[in-house]
Structure formats: C-alpha cells, structure tokens
Amino acid sequence: MSNDLYAILGVPRGASHDDIRRAYKRKAKQLHPDLHPGDEVKSDAFKAVSAAYEILGDEAKRKQYDSGEIDSDGNPKGFAGGQPGGFSGGFHPGSAQGDPFEDILSGMFGGGRRRPGPRKGADMRYRVEVAFEDAILGAKREMMMADGRTLNVSIPAGIETGRTLRLKSQGQVSRSGGPPGDALLEVNVRENAVWARDGNDLRMVVGVPLRTAILGGSVEVQTPAGVVTLKIPEGSNTGATLRLRGKGVQLHSKPGHLYARLEVVIDDPKDAGLRSWAKGK
C-alpha cells in the first residue's frame, strides 16, 4: 500500500478537512473488519486508513506531514521540508535507495543519524453503539470491539451520536518501547421508542384515561431511571404538557427535565354509560 497518506484516503493534497473526514468515514465503512471477517487484506487496509486519518484529520499533524517534519507513520524526520541542500531526487529516508545525507554521516562518524526516541503506539479506532438510557444516565459497560477485544467503557451522561470517547493506553503496543496508543470510540446512540432527546431535556407522550383527565388523578410514567408517578390536574386535555423536573439528561451541573405531552384515551369506547353521557341522556 502507498505511503502517501492522501493516496490512502483517496483525496488530493488540497482537500479540505471535511473532505478528508468524509473520505475516511467512507473508506472505514467499506473496509471495517465487521463486514469482512477473516480478510487480512481489508483489515490491514482499514488500519492504514485509520492511521492516515489520525494524521490528516489533525490540523497540526497534517501541517507537519505536509512540510516533511513527520513521515507517514508520524515519526519525526531529521530535516523539515525534505532533504538538506545539495541533494535532490527520489531519495526518501528508509527507502531502498537510502538517505544520502545519512550515508555521509555514516562515513564521517561511523554511524547514522540519531534515531528518535521511543514513540507512542498507534491509536485504534472503533465504532460502538450505546443504549439511549446509558447516554442519558451515564454508565459503565463492557463492550466487544470489532477486532474481538473487550474494553471497559465509561459512558458519560449526555454523550451524543458522533462524539468520540478516548480510552488511554488501550490502543496498539509501541514497537519502540514507548507507551501504548489509545482506543478511540466513535459513538452511535440508539434511538428509543418512548423518549426523544431535545438538548438536555427529554420528551414523551403519556396516555391519560378520560376519567383521570376530567377529574384529575395520577398515572405511572416510565423514565430512563425507572417508573415515577405523574399528577394529572383536573380538566386536562390532549396536548397539555407537564414537566418532570430533573428527569432528563443527568448532567452533574444541571440535569435536564422530562416533558410529558398528555394524550387523553378512552378505556372502553363501547361503554354504555359513556355513550349515554355523550348523547346527553
């Protein structure tokens, strides 16, 4: 596979940050190991695409790469901007032709350039699904990754789809004695049939029996944290909205609220007494 990070992602060097991000997501989706179990070629390509985005997706690292300060693996080069003055052509550090400047140093001092010290291992990128309730309340979960690894993940309350969780030192082991890389988990929060999120608040529809709506009373309401009792004022109608304070996203600083939109329902539309009342008899 090419060592040109732009070629790996399939974008030109002048590509915008959004173009690079879209290209990465497209290729990562095509090559994801979940879709190609046992295919080492696609697995290696997936890792290469992830490594390329790790550099090109970071504006600071991209500038370093474009100026020649770091190579395609993120290693610092001996001289920023390419080869030192007096040499030109297709020589690249680590290539079959060798580095002419390194050859000169080797002849003069009996050794090559000073190699960089131990560097951090590569980060690993994963996509994970999070239950709606866990995103609202926060949770600790054991998750199976695409490559078969199991990670203990702390899910913060309020996490949204598209956000990334970083697990320190859970990436690849360094090959040069440095610290391991990190695991980067791109989050997708599953939708829920009962609640809809509105910022840090939640919204839901609550069915209320006709008798309770007319006379007042209470109904049980399911919240992400469990069942609570909701008081229904006398004379309530469909469309009225009641607030359950602090039952939304459980942020430590200021929890959100749960808004319940009432929907009056008839327990038994064929009830004789109800039909007689409706007819004015």
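A few comments on the model shown:
- Any chance GLY256 is assigned to a loop (DSSP other than H, G, I, E, B) and within 24 Å of the chain's Cα centre (by Cα): yes
- Restricting the range 182-199 to residues that are hydrophobic (A, V, I, L, M, F, W, C) and surrounded by 15 or more Cβ atoms within 10 Å (Cβ to Cβ), the residue that is farthest from GLU263 (Cα to Cα): ALA183
- Test result for LEU258, buried (at least 17 other Cβ atoms within 10 Å of the Cβ), touching a residue at least 60 places away in the same chain (Cβ under 8 Å) and closer than 30 Å to GLY138 by Cα: yes
- The one condition from (1) part of a loop (DSSP other than H, G, I, E, B); (2) surrounded by fewer than 18 Cβ atoms within 10 Å (Cβ to Cβ) that GLN170 does not meet is (2).
- Test for ALA183: is it assigned by TED's automatic domain parsing to the domain that holds VAL227 and among the small types (Gly, Ala, Ser): no
- Scanning the range 180-216 for residues that are within 23 Å of VAL249 (Cα to Cα) and of a type in the set (Gly, Ala, Ser) gives ALA193, ALA196, GLY199, GLY207.
- Filter result for ILE20 (more than 15 Å from ARG125 (Cα to Cα), within 17 Å of the chain's Cα centre (by Cα) and of a type in the set (A, V, I, L, M)): yes
- Residues (among the acidic types (Asp, Glu) and over 22 Å from ASN188 (Cβ atoms)) located in the range 29-57: ASP39, GLU40, ASP44
- Those helices (runs of 4 or more DSSP H) lying entirely in the range 1-67 with at least 1 residues closer than 21 Å to MET144 by Cβ: 17-31, 40-56
- Members of the range 200-225 found to be on the phi > 0 side of the Ramachandran plot and either at pLDDT below 95 or surrounded by 15 or more Cβ atoms within 10 Å (Cβ to Cβ) (or both), listed by number: GLY217
- Screening GLU186, GLU129, GLU160, GLU142 for residues that are modelled with pLDDT of 90 or more and either in a loop (DSSP other than H, G, I, E, B) or among the aromatic types (Phe, Trp, Tyr) (or both) leaves exactly one candidate, GLU160.
The values are calculated or read from the model by the stated rules, or taken from the named source; none is laboratory data. In this text the structure is predicted, and so the values were computed from the model without any measurement. A quick note on method: Cβ atoms are made from the backbone with ideal geometry, for glycine too, and the neighbour counts reach across all protein chains shown.
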